[in-house]
């Protein structure tokens, strides 16, 4: 089986400053993979290289068996930061339909969304349980609802893979829990790659973890131990477990 992502001997530098070095990575179809590492370690840079938004200094990248620039229109992408003008009167449906723009030659011929496009957008919103808000102004939604709309937008363009960069940043625990459930369902039909700084999130359903700190290594989730975390982050970090709650009197060690 051909890997959906295959990276060999990759280096990347910003203005001569090394960011990633000798990265070798292979991800198989329908894998659920979490990308973790310290701030500035190269996580988001690696994702942008996979999508062909940045070119490596050295090495090769294949996405869905081809050049990222040619195959990324089969991949849904939710970026880390999504700025918008709260005064711009764009609706939830408008934002979701933007996922179809990458597949259109609107810049050459002019275009309008087809019935199939609108149907696909509505189905994506239904999957995110937001179809009833299709006509609502995007700016009127809560942070968690906006995040689900952006996932719906990515799903409209995705047929093979979904890549999410820090989707749980700045959302509360309840919203994070709902995002976990969404990821579990989506992973049944497509490859999921999620970038996060929250190692507690990796234990939810991910099969493997890509640890990025200048270089990158793939590990089964079960290998993420305390010593491993110290080696990756250069010391202890705070973690929150989302699958366990202590008793009212607190946690009692054996």
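The values are calculated or read from the model by the stated rules, or taken from the named source; none is laboratory data. A quick note: this is a predicted structure, and the numbers were derived from the prediction, not measured. For neighbour counting, all protein chains shown are included, and Cβ atoms are generated from backbone atoms with ideal geometry for every residue, glycine included.
Every residue, every condition in (1) over 25 Å from residue 151 (Cα atoms); (2) crowded, with 17+ Cβ neighbours inside 10 Å, yes or no:
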| position | (1), (2) |
| --- | --- |
| 20 | yes, yes |
| 23 | yes, yes |
| 28 | no, no |
| 34 | no, yes |
| 45 | no, yes |
| 54 | no, yes |
| 90 | no, no |
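Considering the conditions (1) in contact with a helix residue (DSSP H, G or I) (Cβ under 6 Å, 6 or more places away or on another chain); (2) modelled with pLDDT of 90 or more, residue 113 is excluded by exactly one of them, (2).
Being at pLDDT below 85 and touching a helix residue (DSSP H, G or I) at 6+ places or on another chain (Cβ under 7 Å) is a condition met by at least one residue of region 57-80. At least 1 residues being modelled with pLDDT under 80 is the threshold, and among the strands (runs of 3 or more DSSP E) wholly inside region 151-232 those reaching it are 215-220.
Return the residue satisfying two criteria in turn: it lies in region 138-148 and is more than 14 Å from residue 186 (Cα to Cα) and in a helix (DSSP H, G or I), and of such residues it is farthest from the chain's Cα centre (by Cα). If we take residues in region 138-148 being more than 14 Å from residue 186 (Cα to Cα) and in a helix (DSSP H, G or I), then 140 is farthest from the chain's Cα centre (by Cα).
Does residue 41 satisfy the condition of being crowded, with 19+ Cβ neighbours inside 10 Å and closer than 23 Å to residue 208 by Cα? In short, yes. When region 47-64 is limited to residues that are in a helix (DSSP H, G or I) and under 13 Å from residue 216 (Cβ atoms), the one that is nearest to the chain's Cα centre (by Cα) turns out to be 47. Under the condition of being over 23 Å from residue 58 (Cβ atoms) and within 12 Å of the chain's Cα centre (by Cα), the residues counted in region 34-46 number 2. Being closer than 29 Å to residue 113 by Cβ and touching a strand residue (DSSP E or B) at 6+ places or on another chain (Cβ under 6 Å) is a property that holds for residue 163.
Quick grid of which residues meet (1) surrounded by 15 or more Cβ atoms within 10 Å (Cβ to Cβ); (2) under 12 Å from the mean Cα position of the chain (by Cα):
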residue: 150; (1), (2): yes, yes
residue: 153; (1), (2): yes, no
residue: 157; (1), (2): yes, no
residue: 163; (1), (2): yes, yes
residue: 168; (1), (2): yes, yes
residue: 174; (1), (2): no, no
residue: 179; (1), (2): yes, yes
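When the residues of region 112-134 are filtered to those that are under 26 Å from residue 180 (Cα atoms) and outside any helix (DSSP H, G or I), which remaining residue is farthest from the chain's Cα centre (by Cα)? For region 112-134, the residue satisfying everything is 134. Can you tell which of 38, 86 is modelled with pLDDT under 90, within 30 Å of residue 138 (Cβ to Cβ) and in a loop (DSSP other than H, G, I, E, B)? Result: 86 is the single residue among 38, 86 that is modelled with pLDDT under 90, within 30 Å of residue 138 (Cβ to Cβ) and in a loop (DSSP other than H, G, I, E, B).
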